[in-house]
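Colleague: There's a structure below that I have some questions on.
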Amino acid sequence: MADLLQTGLSGIYSSQAKLNTTSHNIANISTEGYSRQSVITETAGAERYGDYFIGRGSIVAGVERAYDQFAFTENNLNTSNLGYATEVYQQNNQIDMLVSDESTSITQPVLEMFESISGVADNPNMLESRTVFLESAGNMINQYNRLYDNLEIQYSSINNDIVNTAQTVSALAENIASLNLQISSVLKSGSDSNANDLLDQRDQAVNSLSQYVDVSIVTTDNAMMNVYIGSGQSLIMGSNALQLIAVNGNPDASRKELAISTGRNQTLIDGQRLGGKISAMFDTRNNDLERAFNQLGQNVIGLTHSINEQQKEGMTLEGEIGDNIFNDINSADSMKSRVLSHNDGLGEMQLSVRIDDLSALTPDEFDLVVDDYQVGPPEIISFTSTNRSTGDTSTSTVNTAETKRFSISNSGISVGIDSISSLVAGKEFTLRPTRLAAQEATLEHKDASKVAAADSEIKTVAGTDNTGTAVLRTSAIVDTSHALYLDEDNPLMTIDITAIDATTGEISFEVLDKNGTAISSLSSSTTPDLLTGKAIFAFAGLEIEMISGAVQLTDTFTVNYNETGDGDNRNIMKMADLQTEKLMNDGKATFADVYNGMLSEVGSKTANADIAMQSATILQTQSYDRIQAMSGVNMDEEAANLLQFQQHYSAAARVITVASEIFDTILQASR
C-alpha cells in the first residue's frame, strides 16, 4: 500500500508543479519578454515483481521555457534595423521641415530682397526705396541666422542624445553582466528551471540593447553570454561589462564621439559602424545635418558676396565707391574660423581659408595633412588635401618666401599660412569653407545713402592681350581734387606693368595718359601681400586694387572716367540681375537653384528614410510575432491546461484516498 501512496503523491507533486507553472504563465501574460514555461515530467521508474514491473509514478524533471534561438537572433537584428531607420527618418524629417517651412525657409525673404532692389532701380534717388532694400536685406539675413540656429539646436540635441545613449548602453551592459553572474550561480546549484525567468530578463535586456547597436552573441559553457556590438567590438565578457562613453571630438569638441572605457584607458570607436539608433545619429549628424549647414552656407556666401562685389562697382549718393552691404566673407576672422587644427601634438600652424571662386565653391569639407616641412631657409611645406565627399586629393608645395597661400583644385578656395610654430610632418587640419557662413552673416550698415545704385565714376578694365590672370578694380576715390584726376577732359589712363621682381614680387608700373605717353610723376611700384596676394596701385587720387590673380610683364589695365549723376541706376540694375544669373555650381545654378537643390536632396532623403522605416517596421513586427507564436502566453491554452491539471491533481488525490481506505481496511481486518 505504501507504493500506491507514493505513486499518488508523485502525481500530486507533478500536477501541483504544472498548476503552479500555468499560474505563473497566466500571471506574466503581459510581462514584456516573458517566455511561456512548461513542466517536464518523467516516469519515476518501476519495481520488479517476478516477471513484470510496476511503476512508481512520476517525477518533475524540470521546467522549460519556449525559446527559439534563431527567432531571438532575427528579432534582435530587425529591432536594430528598425531603431536605425526610425532615427534616420525622424532626424531627416526635422531637417526637411526646417528648410521647407515658410516660417524658417529663406526662399521668401530672398525674393522680397530682390523685389526691393528693383524698387531702388525704379527710384534710385529716393532714400525711402533704399531704406526698404536695407530692411528687406536685414530680414533675409535674420532668416538665414534663424535657420542656422534651428539646425544648430538639432545638432546639439543629437550630440546630447549620443551622450545619453552611451549611458543607457552602459547601464544595459551592466545589467546583462549581472544577469550572467546570477544565471551562472543558479545553474551551478544544479537547478536549471530556476534560471528561466533570469534568462528571459537577459534576453529582454539584449533586445533593448539591440535598439541602440547591432549585437552579436556567443554563449559560453557556463551559460553566460558574451556580447559584441557593431562590427565586433566586445562590450560584455561574462560577468564583466565595459563602459561605452561619449567624449569630445577632435578637432571639433562639440562633435561628440564614442569610446570604450576599460578603467584608465579609452579606445575610440566609430559610432557610424555600431548599427542601431547610435549609428543613425552619427550618420544623420555627419552626413545629413552637417551637409545642410554647408549647403546653407554655400547659398548665403554666394548671395551676399555677389551683392557686395557688385556694390563695390558702383557709387553711393555721397560720391564714394560702394562698400560691403553684408559682412565680408573673407574677413580675417571668417577665414580663420574655417580651419580646425587637430590636437595631435605635431606643432601648431594658423591657417585661413579664403573663398576665391563662387562658381567652383562646393558644400564639401576637406582633410588637410602636412606631408613635409623644411625649416629652411627657404621654408618649404608640402600638403595633401582630401575632399571628404568625393575622395579627390590635391597636393601643394609652398615656398613661404614667395607666397603664403596655395589653392585646392576644383574647390573655389585657397589656404593661407598665417603663422607657424614647431611644425611636424603629419599635422592634420579640417577645412570647413561654408559651415559657419549662415551664422556669421550680418548686415553691415543701415545707411540708405551708402547703397551704390549708380555706376562707378572710375572703371578699370584689363587689356585684351594680357597674359596674366590679375583682376583690378577701383577700390577708393581718395582725392577728386588731384591735378591728374580723371574727368571729361582727361577720361583715360593706362597702367602698364614694366617690371616684376622675382625675389620680392614687387611690381613696377607706369601710368600712361590718353595718348599713351608715360606720366613720369605717377610711375611707382607696389608689392602684393604674401598672404592675400592683393596689391594697391595708388596714383592720381585713386586706389586701384588687384583683388585676385597675378600680373605678368607688359600687362595693361585701362582706367576710364565714367560719367554718372543723379538718376543713374546702372549698378543697382546689375545687382538686380544677380537673381537670375547662374553664378554657382560651375555656372549652372542661380542662388535659388542652390537652395532648391538642397530642398530636393533633403526631401528625397526623408522620403527614402520613411520607406526604409516602414519596411523595417514590417520585418520587426513579423519577427516579434514569430517569437510570440513560439514563446508567448495564450490565455485560452493556459485556461484549458489549468482545468486539465486540476483534474490530474484530483485524480492523484483520489489515489491517495484509495490507498488510505485500503490501509484502513487491512487494519480493521487484523483486529
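Colleague: Please give the Cα centre distance for segment 314-329 versus segment 1-77, rounded to the nearest Å.
Modeller: Spelled out, the Cα-based centre of one part sits 91 Å from the other.
Colleague: May I pose another question? Which of rounded, prolate, oblate describes segment 540-610, given a ≥ b ≥ c as roots of the alpha-carbon gyration tensor eigenvalues and a/c under 1.5 marking rounded, otherwise prolate only if a/b is larger than b/c?
Modeller: Cα axes put segment 540-610 in the oblate bin.
Colleague: Let me ask another. For the chain, what relative contact order do you get, as a whole percent, if you take Cα pairs closer than 8 Å and at least 6 residues apart?
Modeller: It comes to 18 percent, rounded to a whole number.
Colleague: Same structure again: Return P(r) of segment 212-294 (all Cα-Cα pairs; 10 Å bins starting at 0; whole %; ordered from short to long distances).
Modeller: Per 10 Å bin, starting at zero, the Cα-Cα P(r) for segment 212-294 comes out as 17, 43, 28, 10, 3, 0 percent.
Colleague: When the Cα centres of segment 439-488 and segment 169-239 are compared, how far apart do they sit, in Å?
Modeller: So the two Cα centres are separated by 73 Å.
Colleague: Let me ask something else about it. Counting only protein heavy atoms, what percent of the accessible surface of the chain is carbon or sulfur at a 1.4 Å probe? Walk me through the numbers on the way to the answer.
Modeller: Values: 15270 of 31310 Å².
C and S fraction of accessible area: 49 percent.
Colleague: Shifting gears a bit: If packing is taken as the average count of other Cβ atoms within 10 Å, what order do 77-89, 378-390 fall into, highest mean first?
Modeller: 77-89, 378-390
Colleague: Counting only other residues whose beta carbon sits under 13 Å from that of Asn399, what net charge do I get with K and R as +1, D and E as -1?
Modeller: Charge balance near Asn399 sits at -1.
Colleague: I would also like to ask the following. For a quick protection proxy, order the peptides 245-256, 206-217, 535-546 by their average other-Cβ count within 10 Å, most packed first.
Modeller: So the peptides 245-256, 206-217, 535-546, ranked by packing, come out 206-217, 535-546, 245-256.
Colleague: Please list, short to long, the whole-number percent of alpha-carbon pairs of segment 392-463 in consecutive 5 angstrom bins beginning at zero.
Modeller: Percent of Cα pairs in each bin: 3, 8, 13, 15, 13, 13, 15, 9, 7, 3, 1.
Colleague: From the Cα gyration tensor of segment 93-252, with a ≥ b ≥ c the square roots of its eigenvalues, which class applies: rounded if a/c is under 1.5, or else prolate if a/b is larger than b/c, or else oblate?
Modeller: Numbers: a/c = 6.20, a/b = 4.66, b/c = 1.33.
Here segment 93-252 falls in the prolate category.
Colleague: If a/c stays under 1.5 just call it rounded; otherwise compare a/b with b/c (prolate if a/b is bigger, oblate if not). Do that for segment 463-584, with a ≥ b ≥ c from the square roots of the Cα gyration tensor eigenvalues.
Modeller: Oblate is the answer for segment 463-584, as a/c is 1.5 or above yet b/c matches or exceeds a/b.
Colleague: For the chain, what is the charge dipole size about the Cα centre, in debye to the nearest 20, if Lys and Arg each add +1 at the Cβ and Asp and Glu each add -1 at the Cβ?
Modeller: With only Lys, Arg, Asp and Glu charged at Cβ, the dipole is about 3320 debye.
Colleague: Just to verify a number: what accessible area does Ile12 come out at with the full protein assembly present, 1.4 Å probe, Å² rounded to tens?
Modeller: 20 Å²
Colleague: Which one of Gln243, Asn399, Asn585 has its Cα pushed farthest toward the positive end of the charge dipole of the chain, where Lys and Arg give +1 and Asp and Glu give -1 at the Cβ?
Modeller: Highest projection toward the positive end goes to Gln243.
Colleague: Given Cβ point charges of +1 (Lys, Arg) and -1 (Asp, Glu) and nothing else, what value in debye, to the nearest 20, does the dipole of segment 47-129 about its Cα centre take?
Modeller: So the dipole magnitude of segment 47-129 works out to roughly 900 debye.
Colleague: A follow-up question, please. What number comes out for accessible area per residue over the chain if the probe is 1.4 Å? Units Å², please.
Modeller: Accessible area per residue, the chain: 47 Å².
Colleague: Hey, can you rank 490-500, 293-303 by average C-beta count inside 10 Å, highest first?
Modeller: Details: 490-500: 17.6, 293-303: 26.2.
Ranked from most to least packed, the peptides come out as 293-303, 490-500.
Colleague: Pairs Lys534/Lys574; Lys277/Lys427; Lys336/Lys427; Lys534/Lys588; Lys450/Lys582; Lys277/Lys605: which are spaced more than 22 Å apart, C-alpha to C-alpha?
Modeller: Lys534/Lys574; Lys277/Lys427; Lys534/Lys588; Lys450/Lys582
Colleague: Less than 12 Å Cβ to Cβ from Tyr561, Lys/Arg counted +1 and Asp/Glu -1: what total charge do the surrounding residues give?
Modeller: Spelling it out: positives minus negatives among the neighbours equals -4.
Colleague: Set Lys and Arg Cβ to +1 and Asp and Glu Cβ to -1, take the dipole of the chain about its Cα centre, and tell me which of Ser254, Ser524, Ser389 lies farthest positive.
Modeller: Of the listed residues, the answer is Ser254.
Colleague: Averaging sequence separations of C-alpha pairs under 8 Å and six or more residues apart, then dividing by the length of segment 264-357, give the relative contact order as a whole percent.
Modeller: Once normalised by length, the contact order is 15 percent.
Colleague: About its Cα centre, what dipole magnitude does segment 1-146 give when the only charges are +1 on Lys and Arg Cβ and -1 on Asp and Glu Cβ, stated in debye to the nearest 20?
Modeller: So the magnitude is around 900 debye.
Colleague: With no solvent and one point on each alpha carbon, what is the Debye value of log10 I(q)/I(0) for the chain at q = 0.07 Å⁻¹?
Modeller: At q = 0.07 Å⁻¹ the computed log10 ratios are -0.67.
Colleague: Then there's this: Using alpha-carbon positions, what is the distance between the centroids of segment 336-356 and segment 539-582, in Å?
Modeller: Between the Cα centres of segment 336-356 and segment 539-582 lies a distance of 34 Å.
Colleague: Now for a separate question. May I ask you to list the lysines whose Cα is less than 30 Å away from that of Lys18, ignoring any residue fewer than eight positions away on the same chain?
Modeller: Of all the lysines, those that pass the test against Lys18 - Cα under 30 Å, at least 8 places apart if same chain - are Lys188.
The values are calculated or read from the model by the stated rules, or taken from the named source; none is laboratory data. Note that this is a predicted model, so its numbers are computed, not measured. Neighbour counts run over all protein chains shown; Cβ positions are idealised from the backbone, glycine included. We work out accessible area using only protein heavy atoms, side chains counted, and drop any ligands, DNA or RNA first. Shrake-Rupley method; radii C 1.70, N 1.55, O 1.52, S 1.80 Å.
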